[in-house]
1. Please compute the modelled spin-label separation between LEU110 and SER391, points set 7 Å along Cα→Cβ, answer in nm with one decimal.
2. Shape of the stretch 315-438 from its Cα gyration tensor (a ≥ b ≥ c, root eigenvalues): rounded if a/c is under 1.5, otherwise prolate when a/b > b/c, or oblate?
3. Obtain the nm distance between the two label points defined at GLU131 and THR169 by a simple spin-label model: each point lies 7 Å from its Cα along the Cα-to-C-beta direction.
4. Taking K and R as +1 and D and E as -1, what net charge do the other residues with C-beta under 15 Å from the C-beta of PRO299 add up to?
5. Using DSSP, restrict attention to beta bridges with both residues in the stretch 315-438 and report what percent are antiparallel, rounded to the nearest 5.
6. What is the magnitude of the charge dipole of the stretch 315-438 about its Cα centre, with +1 placed on the Cβ of each Lys and Arg, -1 on the Cβ of each Asp and Glu, and no other charges, expressed in debye to the nearest 20?
7. According to a simple spin-label model (label point 7 Å from Cα along Cα-to-Cβ), what is the distance in nm between ARG427 and ALA77?
Amino acid sequence: MLRDDDPPARKIEKLGRINEVLIDRIDRLEESRGSAWSMFQAAVALEQEVLTRTRQLEQALADLSQRNRELAVARAAAEEANRSKTRFLRAASHDLLQPLSAARLFLAALSDTAMNEQQQELTERLSGAFESVEQLMHAVLDISRLDSQRIEFNRQPVPLSELFRKLATEYAPLAEAKGLKLSFVATDAIVESDPVFLRRIAQNLISNAIKYTNRGGVVIGVRRQKKTIWLCVYDTGAGIAAVDRNRIFEEFQRLGHDAATPGMGLGLSIVRRACNKLGHPISLDSEAMRGTVFKVGLPPGDTADTPSPPQTETPTRTLRGRVALIVENDHAMRRGYELTLQDQLGMVARLCGSTAEAVATMGDEPPEVIIADYHLENGDTGVAAIEALRSRLNLPVPAIMITAHRDPEIARTCAAMGVHLMEKPLRPSELGEALGRVLE
C-alpha cells in the first residue's frame, strides 16, 4: 500500500510489485477462460459423439430385433415342419407296416408248405428282403420318435432274462447263417427302462455285432458296477479304430464298404439317440483284430410287480382247438391271421372287420381270446371292440391289441384294460407265444 510520505523510489518499487501481481492475475484469468472454453467445446463434441453412437446403437438394436423376429419365425417354421413330419410318419406308419405284417404272415405260412429247392431259395430271399425293409422302416420311425420333443417313455422294471430269451430266438438264425456262436449269459438282473426302446437298443447292438463279425461269435451279458447294471455286447470282429469311434454313431456311417453287408448305417445312431433320451450312458472298448464290446449303463429296477417268466410249454399244444375272434379291417391281414392261427397253430379263427360286426357275429359260443387291430375304419378302434365284446359277454376275455402306432397312451390304455400289446409287423412265432401266455 502506497503512503504519501514514502520516498519516490519506494513508491516506484511498490507500484512495480502491484503491477506484477495484476499482470499475473490477468494471465491466470485468461488461462482459466481458455480452459473453460476448451472444456465447453469438448463437451459439445462429446455430446455429438454420444448422440451419434446412441443413434447407431438404436439402429443396431432395431436390426437385432428384426433378426430375432426372423429367427423366431424360421425356428417356428422348422419346428412345425418337424412336427408335421412326425405326424405324417405316425399317421402313415399303419399303412406302411400293414402290408409288411401281412407279407410276413403269408411268408411264414408259405414256409410251412412243401416246396422244391428253388422255391425254398426264393422264399428265403423274399423273407430276407422283407426283413431289410422292416428294419429300415423301424429305423426311420424310431429316429422320428426320438427326434420329437414330445416323446414319452414307458419306464418300468424289465427282467433282462426275458429280454435275452426273446433276442436269442430272434438272432440265432442270423448268427447260425454266418457260422457264428451266439451266447447269452444267464442273469437275474432287473433294470429300469422303456422295454420297447431297450429291446431296440439291444437289437441294434446285436445285429451290428453279427454283421461285422466273420468268425468266432457274439456274447451278450451283464456286469454290475456299484449302482449300475451294464448290458454288454461282445464280438470277435475286426475291431473299431480310435478315429472311427465317434463317427459310427452318426447316421449312414458304416465301417466297411462291403456291399454284401446289409444295413444303412442307422442302427448305432438310434442306439445313441435312445440312450441319450433315456439317460443310459453308452461306451465302447475295441482292440484291432480282437473284437469290440459295447456297454449300456442301466439303473436297477424295482423287483416288486415284475412280470413272472412266461411258460415254457410249446404254444401249439396250448392253443390247438382254442377259439380266437379277429377284429381286423384289412382283408390281407385277416387272411394272414387265418393261415397263421388255423394252419400253423391249430386254432379256430373267426374273422370280422369292425366292432359292430364282431358283436353281431359273436354267436352263442364266446371266443376264448380276442385279437384286435387298434386302427380300424371310421374312427373305430380295437379298444372299442374289446370293451364292447367284454361288456356283451360280461367276461374279461383275454385280448391282444395289434398296433403300428408307437404311442405311450395306447400302451397305458392297454395296461389299464389288462390287454397284451404287440407292434407291427408281427412275427408269427411271437404271436403264438403271446397267445400261449394270455390263454394259460
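Every read-out reported here was derived from the displayed coordinates using simple, explicitly stated rules and does not represent laboratory data. Given the structure is predicted, the values throughout are model-derived calculations rather than measurements. We place every Cβ from the backbone using ideal geometry, glycine too, and count neighbours over all the protein chains shown.
1. Output for this residue pair reads 4.2 nm.
2. Rounded, because the longest to shortest axis ratio a/c is under 1.5.
3. So the label points at GLU131 and THR169 sit 1.6 nm apart.
4. On the way: positive: ARG155, ARG223, ARG224, LYS226, LYS227, LYS277, LYS295; negative: GLU192, ASP194, ASP302.
Combined, the nearby Lys, Arg, Asp and Glu give +4.
5. Restricted to the stretch 315-438, the bridges split so that about 5 percent are antiparallel.
6. Computed about the Cα centre, the dipole is about 380 debye.
7. Distance between label points: 4.5 nm.
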